Each structure stands twice: as C-alpha cells, then as structure tokens.
Amino acid sequence: MKKAVFAAVIVFLFCGAGFSQWSGYYPTGEKNELDGGIGITWIDNQAYYQISFQPDISIGKFGIGLGLNLLYNVNTGKIRSQDWDSGYDYARIIRYLRYGYKGDPFYARVGAIDGYTLGHGLIMSYYNNQINYDRRKLGMAFDLDLGVFGFETFTNNLGRFEVAGGRMYLRPMYKSNLFLFKNLGFGASYVTDLDPDSWKASDDKVSEWGLDVELPLIKSKFFNLITYFDHAQITDYGSGQSYGFKADLNHMESILDFQFIFERRILGREFISNYFGPFYEILRNTSLGELMEYYESLGGDDSKFRDALYGIPVNKQMLLPMMTEKRKGWFGAMRFNFLHL
C-alpha cells in the first residue's frame, strides 16, 4: 500500500493573512493508509533527523491510528534513547481509535484530532490538538446523522475540558419527495475555549456561535456538491459571513479523492475567520517572553524586557482588537489524495 498526499491552498484576494501547514489527514475509505514525513530538529543544540510514520489500520469501519516518531542523532548515528525509556513512550504510539469516517451517518474518534473542521469551517477549520508531540491530548469527536436531524461534537481534551463545541442541524423537508430540497439543512454551531492561555487561574473564556444554511445540489456515493451560507459571531467582539460551494469527489476507482472549496468572505471588525484553526494550540502554550525570544533569534534585542514578560501568557483573543478594518475577499482551497492503492 502506498499513499501520496498532495495538499494545496489557493487564496484569491483573501481578506487577511494566510498560513499553510500539513495538519494531518482523515482516512476516506475502508483501506489501510500511511502518512509520514521527515525533517530536522534541534534539542540542546544537537541536530536530529526526525522521521515519522502515521499509519491508519482499518478493520471494516473500525480503525486505529498509530504514530511512530524517531529522532536520529547525526553525530552518533543512533536513535535518541530518551524518547523510548518508559512505558508511556510506547503507549503513545497509539494516536487514536475511531469508528467510521468523517461524513458517515455515525462517526466517533478518541485520541489525536488532526485536521478537524466543524460545519463549513468559518468557526473551526483544520483544528489540531496534537501540536506538541510531548504534550499530547486525548480529544474526542462524535457525529450522528439521522437524516431529519443530526449533530457534530468536538473537544480537544477529555482530561481537562478546554476547547469544546458542536453543531446541530435540521432538514425539515427530508421526508418529502422534493428531490432538490429534501436535503436542505439549517444549522447552529457553538465553540468555546474555557482557558485560552497557559494560566489556568485566569478567567479569559472566549466563545463563538454561528448559524448556517446548506443546500446539497448533487449527493451521491462518489460525488457531492453543496452550496452554503454561514454567519458567525465571536462573543463580545465582531462577526463575519461566508457563502460559496464545496465539492467532494470520493473513491474514484480507489485512485483519487478530491475536495474543492470556493467562497466569498465578508469579515467585520474584531473578527477572524477560522478562529479555531490549525495553529490555535500553539498560542495556548506560549508566553510573551517566548515570542520575544523568537524575535531575538531573528536578530532583535529584547534583553531589557524578556525576563519581565516571560511568564505572561498570550492567546489569540489578543489579536481581535487589532482587526480594526472590515474585509471582503475570495477564498479557495483544493486538496487531493491520490494513489492510495
């Protein structure tokens, strides 16, 4: 079995800053799949080649995700032994357990939650609860679609609830004979972070709610095309809207999976689209001092302030007052999974 993954994001006159990162994948068929990567990292001024393998092993609808992360010392030619000196090091090879796949009538997953999108993604898109390999969290996603109504739910940490939310939707004409409108859906979403920064005693909860309408134009086993409209509001801050199309081509002779999104975004002041995105967990574990250390590594001098600011946490909420202008623009994204033989 071989799998090659190509991900590309196109931003057309996008209203805001754009970032890209590979934030994991979701298996899309009842087959074993393999993800992997290679890079380089430094620990205590020592360079290591980082080699990772992340297979998804399927047995029908059940699946288990594994993660093997090896650090190769370029000087000694050996694998870093400190990463494999306890039972926990071996236990964390198991990344997640799942039943079904995202988009199925019944879907459940416990453990690593990478690349999670809620609804159409205006509030939460490609969220990843596994940013730090050494501080992995036990998250959960649970979706149920009963036709007339359904829901999506998510939490990043079952051990200590931090980011949690969900979306409920209703298809009032589902049992009718109206071919086009039977799948017309109305949804409501809510996501909250009870503790957005590294200070557990602080009271800085942030939450966002939204309403949406979606109309599937084509719905089949191999190809889906929907149009939608979303409205989102960050509590005590601003709001934004998006409308557009999403197309999914699945299991084309076991060769190609394809997803395409094209939408218009209208963003108000003090609002950030995809607020709970792939980099969100990074800010949950960062202080102002650490950010200043980073800028010092680029050539700046923060020696007068770093010690005083080192313990002061940061969070994404600090960015909202800086969004002082309304923004409009087009957003497009494409993703391919191919050659999963």
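The values are calculated or read from the model by the stated rules, or taken from the named source; none is laboratory data. Small disclaimer: the values here were computed from a predicted structure and weren't measured. Cβ sites come from the backbone with ideal geometry, for glycine too, and all protein chains shown count toward neighbours. Areas reflect the complete protein model, heavy atoms only, side chains present, ligands, DNA and RNA absent. Shrake-Rupley method; radii C 1.70, N 1.55, O 1.52, S 1.80 Å.
Numbers below:
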read-out: Residue in segment 70-116 that is modelled with the lowest pLDDT, counting only those that are loosely packed, with under 13 Cβ neighbours inside 10 Å and among the hydroxyl-bearing types (Ser, Thr, Tyr); value: TYR88
read-out: Inter-residue pairs, beta-carbon under 9 Å, first more than 30 Å from LEU194 (Cα to Cα) and open to solvent by less than 40 Å² (accessible area, probe 1.4 Å) and in segment 213-235, second modelled with pLDDT of 95 or more and polar (S, T, N, Q), 6+ apart; value: LEU215/THR227; PRO216/THR227
read-out: So GLY165, is it crowded, with 18+ Cβ neighbours inside 10 Å, closer than 26 Å to PHE262 by Cα and not acidic (Asp, Glu); value: yes
read-out: Scope segment 134-186; condition on the phi > 0 side of the Ramachandran plot and of a type outside the set (Gly, Ala, Ser); matching residues; value: none
